[in-house]
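Asker: To start, I am sharing the structure in question, which I have written as structure tokens.
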Amino acid sequence: MTVEEINSIYYINKEIGKIQEELYELKMTNFYKGNLLTGMPKRNSERNIISDYTESAKELEDMLYYNLKKLQIKRKKIEEFLSSIEDAELRLIIRLRVVNNMSWEEIGAQLKMDRTTASKKFYKFFRKR
């Protein structure tokens, strides 16, 4: 497995987060707006707001489901890959970075080492392969 393959799970997680935010914002939309009294005539809109909403929500839910499925498949491959690594510290660094989406600072703090030490061990392992 390459660094790019193993880091792809990070971007899938980010994408899932963005889709969830967008879906939340869509679900929090208020369709009932107060009357604006401007004295100007209103144009009659042919658009059906509710059907647009349900269509958008369905698309986002489908995208979310697809990305969650993709995440499960990638995570299974990464778990298999992690089980093949003998060095426990390195395995933990890779797990924290890839599966738990932690920053190098967070990993360094958790393992009581400098962030650069953790990242160097991570990238050195993949350069050897």
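Asker: Just for region 23-38: of the residues that are open to solvent by 100 Å² or more (accessible area, probe 1.4 Å) and part of a loop (DSSP other than H, G, I, E, B), which one is modelled with the highest pLDDT? Give the steps one after another, and end with the answer.
Answerer: Of the residues in region 23-38, the ones open to solvent by 100 Å² or more (accessible area, probe 1.4 Å) are 24-25, 27-28, 32-33, 35-37.
Add one more test, that the residue is part of a loop (DSSP other than H, G, I, E, B), and what stays is 28, 32-33, 35-37.
Numbers: M28: 87, Y32: 67, K33: 61, N35: 60, L36: 60, L37: 63.
Per the criteria, the residue is M28.
Asker: For region 83-104, name all the residues that are surrounded by fewer than 16 Cβ atoms within 10 Å (Cβ to Cβ) and over 26 Å from G17 (Cα atoms). Quick ask: steps written out before the conclusion?
Answerer: Initially, region 83-104 is screened for residues surrounded by fewer than 16 Cβ atoms within 10 Å (Cβ to Cβ), giving 83-89, 100-101, 103.
Within region 83-104, S83, S84, I85, E86, D87, A88, E89 qualify.
Asker: Another question, then. Does any residue of region 69-76 turn out to be of a type in the set (D, E, K, R), open to solvent by 70 Å² or more (accessible area, probe 1.4 Å), within 22 Å of N13 (Cα to Cα) and at pLDDT below 95?
Answerer: Yes, region 69-76 contains a residue that is of a type in the set (D, E, K, R), open to solvent by 70 Å² or more (accessible area, probe 1.4 Å), within 22 Å of N13 (Cα to Cα) and at pLDDT below 95.
Asker: Could you list, in sequence order, all residues of region 105-119 that are in a helix (DSSP H, G or I), free of Cβ contacts under 8 Å to residues at least 24 places away in the same chain and either closer than 13 Å to E89 by Cα or open to solvent by less than 90 Å² (accessible area, probe 1.4 Å) (or both)? Explain how you work it out, then say what you get.
Answerer: First, the residues of region 105-119 that are in a helix (DSSP H, G or I): 105-111, 115-119.
Applying the additional criterion that residues be free of Cβ contacts under 8 Å to residues at least 24 places away in the same chain yields 105-111, 115-117, 119.
Result: I107, G108, A109, Q110, L111, T116, T117, S119.
The values are calculated or read from the model by the stated rules, or taken from the named source; none is laboratory data. Worth saying up front: this structure is predicted, and the values here are computed from it rather than measured. With ideal geometry, Cβ positions are generated from the backbone for all residues, glycine too; neighbour counts draw on all protein chains shown. Side chains are part of the model used for accessible areas, which takes the heavy atoms of the whole protein and leaves out ligands, DNA and RNA. Shrake-Rupley method; radii C 1.70, N 1.55, O 1.52, S 1.80 Å.
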